1. What are the distances, in nm and sorted shortest first, from the label point of A:Arg148 to the label points of the same position in each other copy, with each label point placed 7 Å from Cα along the Cα-to-Cβ direction?
2. Determine which residues of the range A:72-89 fall in the zone a paramagnetic label at A:Ala145 would reach in this model, i.e. backbone nitrogen under 13 Å from the point 7 Å along Cα→Cβ.
3. Do any GluC sites (Glu not before Pro) in the range B:50-99 lie in a DSSP loop with no more than 12 other beta carbon atoms within 10 Å, and if so, which?
4. Find every distance from the label point of A:Met1 to the corresponding label point in the other copies (7 Å from Cα along Cα→Cβ) and write them in nm, one decimal, shortest first.
5. Going Cα to Cα from A:Lys29, which lysines come in below 19 Å? Please leave out same-chain ones fewer than 8 positions away.
6. Using the Karplus curve 6.51 cos²θ - 1.76 cosθ + 1.60 with θ = phi - 60°, what ³J(HN,Hα) values do you get for each residue of the range B:63-69, in whole Hz, with x for Gly and Pro?
7. I need the shape label for the range B:8-77. Rule: rounded when a/c is under 1.5, else prolate if a/b > b/c, else oblate, with a, b, c from the alpha carbon gyration tensor.
8. With a 1.4 Å probe on protein heavy atoms only, work out how much accessible surface A and B bury together, total over both chains, in Å² to the nearest 100.
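The values are calculated or read from the model by the stated rules, or taken from the named source; none is laboratory data. A quick note: this is a predicted structure, and the numbers were derived from the prediction, not measured. Don't worry about glycine lacking a Cβ; one is built from the backbone with ideal geometry, like all the others, and counts go over all protein chains shown. The protein model used for the area step is the full one, side chains on, heavy atoms only, and it has no ligands, DNA or RNA in it. Shrake-Rupley method; radii C 1.70, N 1.55, O 1.52, S 1.80 Å.
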2 protein chains.
Amino acid sequence: MIFTTKAEYGVRLLVELGRQSQRHPVSLKAIAEAEGLPLAYLERIVALLKRAGLVESTRGAHGGYRLARGPAAIAMDEVVLALEGTVAPMECFVDDRAGGGRVLCSHHDDEGRGCATKLLWTRVQAGVLKTLGQTTLAELVDFDARQRPRERADATATATTAA
Amino acid sequence: MIFTTKAEYGVRLLVELGRQSQRHPVSLKAIAEAEGLPLAYLERIVALLKRAGLVESTRGAHGGYRLARGPAAIAMDEVVLALEGTVAPMECFVDDRAGGGRVLCSHHDDEGRGCATKLLWTRVQAGVLKTLGQTTLAELVDFDARQRPRERADATATATTAA
DNA sequence: CCCAATCCGACCGCGCTGGTAGGATTAGCC
DNA sequence: GGCTAATCCTACCAGCGCGGTCGGATTGGG
């Protein structure tokens, strides 16, 4: 498993936010019900997105969340990095955002010379990051819209009806 | 962390096997000492590689393991798949080698329609698999050889001396 | 003032990873 | 034929991170 549900839920949350243009903020409760996800857990996830400056929040009564930028300006590498903390193929690749090498595989020789596997993991990591960077939230919102034929008339919960 | 140490150790093991042309088989003990890895754990890992037909074994006295094919004919996607069982970005992507869709994200609507995230994870998975498939064991062995300047004269263990 | 919402921290069960232990089996060698 | 070195196999275990919950503090609209 490359990603945890943090990435899954977080991306779903952003897609949901992207669907409602922006106007009034959307409450987590609405999203949780719409996607069938645990509210309390979503709270912690959205906190990560907020800290990364991807969403903005309004507190109090009719508060909620909205995207900080347009969906087309949000690339998924930034999203996943914010949610997962790092996208490293291996323990020794915890580059903690510096962008350097930092390959210190404990096992191996004594000095931190490159393992043979370093070549492999480097390629994989670069590939993943590139793929993520090339996909924008706008694409996902678009894809999602085409996946749901009906809807909009049944109004399952208070998502679209309230306010 | 995309991969576990199974992949790390397994690849190291193969690189080590690739270094010793083939002639006589190499014992796990020699590899464990050379790489500083726990022998008992390596046993379980090499079993996965054997089951996948990547290495062959000789039992008894001067037994050990050798590559089943030349290093250039071993691509890393096959290796990692054998070691990790699957390379799925998400739980719902456990395609169990069938190659189909099988995306049944529990949360979501009711029927197994594609999540919006499906698009993303599909791209990532394809990217990783492609990267792995384009790297051969021969490349890693080569890379490893250039990373070690000296050696070959000190003979740390019984790896090259015995027999 | 009440209620709906964001915020925040502590807590917790479970499964998997990484590793160990012990033994059975196979085969070269004296 | 026995000793020994190796593969093979199964069960066991500690630690930890993931997924999730709970309770409460804070903020702000009506």
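1. Here A:Arg148 shows inter-copy label distances of 5.7 nm.
2. Under cut-off, by backbone N: A:72.
3. Values: sites: B:Glu56, B:Glu78, B:Glu84, B:Glu91; in loops: none.
Loop-located and lightly packed - none at all.
4. Computed spacing set for this position: 1.4 nm.
5. A:Lys6, A:Lys50
6. 3J(HN,Hα) across the range B:63-69, in whole Hz: x, x, 10, 8, 5, 7, 9.
7. Values: a/c = 1.38, a/b = 1.16, b/c = 1.19.
Rounded, since a/c falls under 1.5.
8. Numbers: alone 10570 and 10560 Å², together 16720 Å².
It comes to approximately 4400 Å² buried between A and B.
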